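What follows is a set of notes on a single structure, which appears directly below.
The values are calculated or read from the model by the stated rules, or taken from the named source; none is laboratory data. As the structure is a computational prediction, the values presented were derived from the model and not from experiment. Here the Cβ is made from the backbone with ideal geometry for all residues, glycine too, and neighbour counts use every protein chain on show. We work out accessible area using only protein heavy atoms, side chains counted, and drop any ligands, DNA or RNA first. Shrake-Rupley method; radii C 1.70, N 1.55, O 1.52, S 1.80 Å.
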Amino acid sequence: MKGSAPAVIAAAFQELKSRAEPRWQELEDTTRSVILVGAATCGRAAGAREVLQALRNEVKKRNLDCPVIEVGCLGHCYAEPLVIIRKPGYPAICYGRVNTVIAEKLVRDFVLGDDPCYEFILGALEENDLIPSFTDFPRAGYEKKLILKNCGHIDPEQIDHYVGNGGYAALTKALQMEPVGIIEQVNKSGLRGRGGAGFPTGQKWQICRGAPGRLKYMICNADEGDPGAFMDRAILESDPHSVLEGMIIAAYAIGARQGYIYVRAEYPLAVHRVRLAIRQAKKQGLLGRNILGSRFSFDIRLFQGSGAFVCGEETALIASLEGGPGFPDYRPPYPATSGLHGRPTLINNVKTLATVGPIIQNGADWFADIGTEGSTGTAVFALAGKIVNTGLVEVPMGTTLRQVIFEVGSGIPDGKRFKAVQIGGPSGGCLPESALDLPIDFDSLREIGAMMGSGGMVVLDEDDCMVEIARFFQEFTQRESCGKCTPCRLGTKQMLEMLNEIVLGQSRMKVLETLARLAEDVKAASLCGLGKTAPNPVLTSLRYFRDEYEEHINRGCCRALMCQELIVYHILPDK
Amino acid sequence: MRTISLTINDQRITAPDGDSLLWAALDNGIYIPNLCSLRDKPGPAASCRLCFVEVEGLSQPVPACTQQVREGMVVNTKGLAALRLAGTAFELLMASEPVTCGACLANRNCELQKIARHLHLSLKPRHLKRLLHDLPVDDTNPQFSYDPNKCVLCGRCVWVSRQKAGGVFGFANRGFERVMTNFYNGPMGEISGQVCCECVAVCPTGALVLKDEKL
């Protein structure tokens, strides 16, 4: 398909932008105060809705001309609920751990009065002489927000905010390019799939575009299921249009007319916001027939998955989308040549698609300059576990684990000792202290037995037992195994039973050999990605923390005091 | 139809273009262990993971059922890496099988016994834990009896029943709990109408047995 009259597209976008601008300017208004409340799921869990209501009530009660706007996740989940106040004469100030009482006080003392309430300040959003800003935080030196740029700064339910802040400009640019040119840019950027495996995105698009057949599909994989991972959820809740924009560009590049977003139903807020975003995009002519006046037509439907972990695997996702049980199939043929209803189907992760817009907008070279040679761009991690600053971070690829955990995440709470970091969820591995200086990218992680996975990062300290962690993930994969192929169905069960015995102190050293051998075979013989990666937590913990396994078996003790059956109580007679 | 010539274990064979490597081998008298494949079934289930072979040019063993024959393909069915994966899959199955051969109607006519002989493996793996399902035998259907404990979930009966008997069989549950069952996941006696003998006959083990044979 040839790109159609560039002037028409540019004019259509200009009209859209001029409609959106006034709404966006409201936020940047320099004549009155504006209050933003982070109310993504993480904020809501900490009470953001009550804070939002309290702020609105207080503003109304005092008859203030001050909009209170709901925004997404700023990434500082450890300090939720977050409130940002922009007041003329002050920098934008972010307050952390706000409750309803503090909220009322902020309106009274700061918006109405002139006391910025220093005691509740987390940081200012921009540098200034008055208040320490986020840029002074050690993490600011490492973070680079590409995908999370809008998160926490715009109202995700207002398409005008997205457009006003530069959104859909990349789509406008893309529609004026040849599809092949777009693929070339993505190829040149070196972008690799953010879903975990790290397959070159441009190559996938090329295969799908080159696959014979007029009917093609575009799917966004938002079936995030790793325990401890919430990057995709945060993006869909905080900036859904960035994903839609990436999808439309991808669909134009491969020549798809129909798209699906596969979101798990356990993300009700994400479902709501994506659905709303699709409706808004349709209304503005960004979806549907002749997008922005071009000859390209594309539509997106939202599909709610039922929360089976295996449905994040491409072939199982397609089976589920087709209405069957979510069981994986063998590959090749890959979905890019034969996927949904046997048609060429492009499946990309939420983060991959959110990256597409910035690449088209700023150029492939700009993107390729970020990160490492083999893994360009940024990585988004969800920090969880024993870490001070839980939340979302985005850093360039090649940042070391130590920088992410100790600088960005501010290290381990309560003065405890770092033991391991579990990266990549049930498919990833447990890495020890010696791996902390490893630059994180797709290849370095695979080399040491872990994998990027979707970006969950769970930090473990001296109170965590590595055998129990391996057992926990094995229990998860066994429960989530679909049961279709032998190695995954029975192999993960066997491994789980062996680990169960070890944590009970009822095992023998010989079992470790069987366990390691079985883990390797399950990895090599399983049908789909779930089984192929399920043994990783066991293999890496055996490799890096074998002494803990041996302690459990030989001495019947668990140094982390986590395995309850192995705890022995002694009465000290002299006390 | 075009024929393809390839080499398996130093033996040159020919096979129709588009055939799977597994069936090309089996048709030429070269045995590769398998449970989930059927000659007429298009597209493999690739679920039993027993037919691993080594193909020249590929770094890892691959299931023969998922490979289409290619001109000049060189295949080794006896490579150690392939046999190890097949062996592990087989032992995993056997660790969850009752192995009551003496009392089983499929005795001497059982694929599992054949595979054990081929792979030189015991029917009772020593290193793995015995993980039995302990499900009741379903004798409620007048035509056949069903022992879910002996089922290896190959899916042969499911496929045949969908071709010939309107899909009376199917799978239920996930992971270790996965079972072959009927549409309502209820007693087999509640299946209305006749189940063709073929659905029962394709069972590679003694899980499905025709009652006539029993008498």
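Things to note:
- For chain A, a crude dipole built from +1 on the beta carbon of Lys and Arg and -1 on the beta carbon of Asp and Glu, taken about the Cα centre, is about 2060 debye to the nearest 20.
- Inter-label distance, nm, simple model (7 Å from Cα along the C-beta direction), B:GLN60/A:ARG62: 6.2
- For A:ARG264, the residues whose modelled amide H falls within less than 5 Å of its own, excluding neighbours fewer than 5 places apart on the same chain, are A:GLU224, A:GLY305.
- Two-site label geometry, A:ARG275 and B:ALA172: point separation in nm, points 7 Å out along Cα→Cβ: 3.1
- Dipole orientation for the range B:133-215: of the candidates B:ASN141, B:VAL209, B:CYS199, B:CYS199 has the Cα lying most toward the positive pole (charges on Cβ; Lys, Arg +1; Asp, Glu -1).
- Surface analysis of the protein assembly as shown yields an accessible area of 41 Å² per residue, using protein heavy atoms and a 1.4 Å probe.
- When a 1.4 Å probe is rolled over the protein heavy atoms, the share of accessible surface on the range B:1-132 that falls to carbon and sulfur comes to 49 percent.
- Residues of type lysines that A:LYS61 reaches as a straight line, Cα spacing below 29 Å, ignoring anything fewer than 8 places off in the same chain: A:LYS87, A:LYS105
- Near B:GLN113, once Lys and Arg are set to +1 and Asp and Glu to -1 for all other residues with Cβ below 15 Å from its Cβ, the sum equals +2.
- Hz values of 3J(HN,Hα) by residue in the range A:332-338 - Karplus curve (6.51, -1.76, 1.60), Gly and Pro given as x: x, x, 7, x, 4, 9, 8
- In straight-distance terms, cross-link reach from A:LYS173 covers every one of the aspartates and glutamates whose alpha-carbon lies under 12 Å from its own, apart from those fewer than eight places away in the same chain; here that gives A:GLU245.
- The mean sequence distance of close C-alpha pairs (under 8 Å, at least 6 residues apart), as a share of the length of the range B:118-215, puts its relative contact order at 31 percent.
- Counting charges near A:PHE137 (Lys, Arg +1; Asp, Glu -1) among other residues having Cβ under 10 Å from its Cβ returns a value of -2.
- The range B:1-65 and the range A:242-315: distance between their alpha carbon centers, rounded to Å: 40
- Buried on assembly, the range A:503-526 (at least 50 Å² less accessible surface than by itself, 1.4 Å probe): A:ASP521, A:ALA525
- Of all DSSP-defined beta bridges confined to the protein assembly as shown, some 60% are antiparallel rather than parallel.
- Here the relative contact order of the range B:1-64, from alpha carbon pairs under 8 Å that lie six or more residues apart, stands at 20 percent.
- Since only A:ILE347, A:ALA48, B:GLY186 are under comparison, the one whose Cα sits farthest along the positive direction of the charge dipole of the protein assembly as shown, derived from C-beta charges on Lys, Arg, Asp and Glu, is B:GLY186.
- For the range A:17-47, backbone nitrogen atoms closer than 17 Å to the point 7 Å from A:TYR118 Cα along Cα-to-C-beta are found at no residue.
- Cα gyration tensor shape for the range B:133-215, rounded if a/c is under 1.5, else prolate or oblate: rounded
- ³J(HN,Hα) computed for each position of the range A:354-369 - Karplus, 6.51 cos²θ - 1.76 cosθ + 1.60, integer Hz, glycine/proline x: 5, 7, 4, x, x, 5, 5, 5, 9, x, 5, 5, 4, 6, 5, 6
- Given charges at Cβ of Lys, Arg, Asp, Glu: chain A dipole, positive-most of A:ILE412, A:GLN494, A:ALA251: A:ALA251
- With every protein chain in place, the range A:207-299: carbon and sulfur % of accessible area (1.4 Å): 50
- Remark on A:GLY385: its backbone amide H falls under 5 Å from those of A:VAL459, a criterion applied only to residues 5 or more positions apart or on other chains, H modelled at 1.01 Å from N.
- Phi-based couplings in Hz for the range A:75-83 (Karplus 6.51, -1.76, 1.60; Gly and Pro marked x): x, 8, 5, 5, 10, 5, x, 9, 10
- Beta bridges per DSSP, both residues in chain B: antiparallel share near 90 percent.
- Anisotropy class of the range A:1-88 from Cα gyration tensor, a/c 1.5 cut: oblate
- The contact between chain A and chain B removes approximately 2700 Å² from the accessible area (both sides summed; 1.4 Å probe; ligands, DNA and RNA excluded).
- Excluding same-chain neighbours fewer than eight residues apart, the lysines reachable from B:LYS164 by a Cα-Cα span under 27 Å are A:LYS484, B:LYS41, B:LYS150, B:LYS211, B:LYS214.
- Complex-versus-alone comparison for the range B:149-195, residues with a loss of 30 Å² or more in accessible area, probe 1.4 Å: B:LEU153, B:ARG174, B:GLY175, B:PHE176, B:ARG178
- Fraction of accessible area attributable to carbon and sulfur, the range A:32-136 (%, probe 1.4 Å): 46
- Less than 5 angstrom separates the built amide H of A:GLY456 from those of A:ALA382, A:GLY424, A:GLY425, all sequence-distant by 5 or more or on a different chain.
- Its alpha carbons give chain A an Rg and a Dmax of 24.9, 91 Å.
- Rel. contact order, % - alpha carbon contacts under 8 angstrom, at least six apart, chain A: 13
- If the Kirkwood radius is taken over C-alpha pairs of the range B:1-132, then at 25 °C and 0.890 mPa s the Stokes-Einstein diffusion coefficient equals 157 µm²/s.
- Cα gyration tensor category, rounded, prolate or oblate, for the range A:38-137 with a/c compared to 1.5: oblate
- Note on A:LEU504 and A:HIS341: their simple-model spin labels are 5.2 nm apart, each label 7 Å out from Cα toward Cβ.
- Most mobile listed residue (B:MET180, B:MET94, B:MET73) in chain B, GNM with C-alpha springs under 10 Å: B:MET73
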